[in-house]
Amino acid sequence: MLYGKIDADKRNSIIKRFKEGEINLLIANPAVAGVGLNLQKSSLHYFYSSHRSFEVRDQAEERSHRLGTIKSVVYKDIIMENTV
């Protein structure tokens, strides 16, 4: 998991292991994963929390569209009724 309280060294280790294929699933907050992180090896993104800003969502989606992308990327939103 990647979120704001994870220190930079641990975050970099997680990202490196994901890119090398050692980690197959990455759960990340868009605020943490949205800038400076390329996820061209990922092909399936689940969004469980929507942001009010189109730019934030677009930036999160663009993490997988980088040089080296070889697979089509699928985006899925998890939407639930009666939640806060």
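The values are calculated or read from the model by the stated rules, or taken from the named source; none is laboratory data. These figures come from a predicted structure and were not determined experimentally. With ideal geometry, Cβ positions are generated from the backbone for all residues, glycine too; neighbour counts draw on all protein chains shown. These accessible areas exclude ligands, DNA and RNA; they are computed on the full protein's heavy atoms, side chains included. Shrake-Rupley method; radii C 1.70, N 1.55, O 1.52, S 1.80 Å.
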Checklist entry - Within the set of pairs 6+ apart or on separate chains, which have a first residue in the range 64-82 that is under 9 Å from SER43 (Cβ atoms), a second that is β-branched (Val, Ile, Thr), and C-beta atoms under 8 Å apart? => result SER64/VAL73
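Condition test on LYS5, is it part of a helix (DSSP H, G or I) and at pLDDT 80 or above?
In short, no.
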Next on the checklist: Any residue at all in the range 47-54 that's open to solvent by 80 Å² or more (accessible area, probe 1.4 Å), modelled with pLDDT of 80 or more and in a helix (DSSP H, G or I)?
Outcome noted: yes
Item to check | Pick from the range 36-46, criterion in a loop (DSSP other than H, G, I, E, B) and aliphatic (A, V, I, L, M), ranking: surrounded by the most Cβ atoms within 10 Å (Cβ to Cβ) | outcome: LEU39
Checklist entry - Which residues, counting only those in the range 57-84, are open to solvent by less than 80 Å² (accessible area, probe 1.4 Å), outside any loop (DSSP other than H, G, I, E, B) and charged (D, E, K, R)? => result ARG57, ASP58, GLU61, GLU62, ASP77
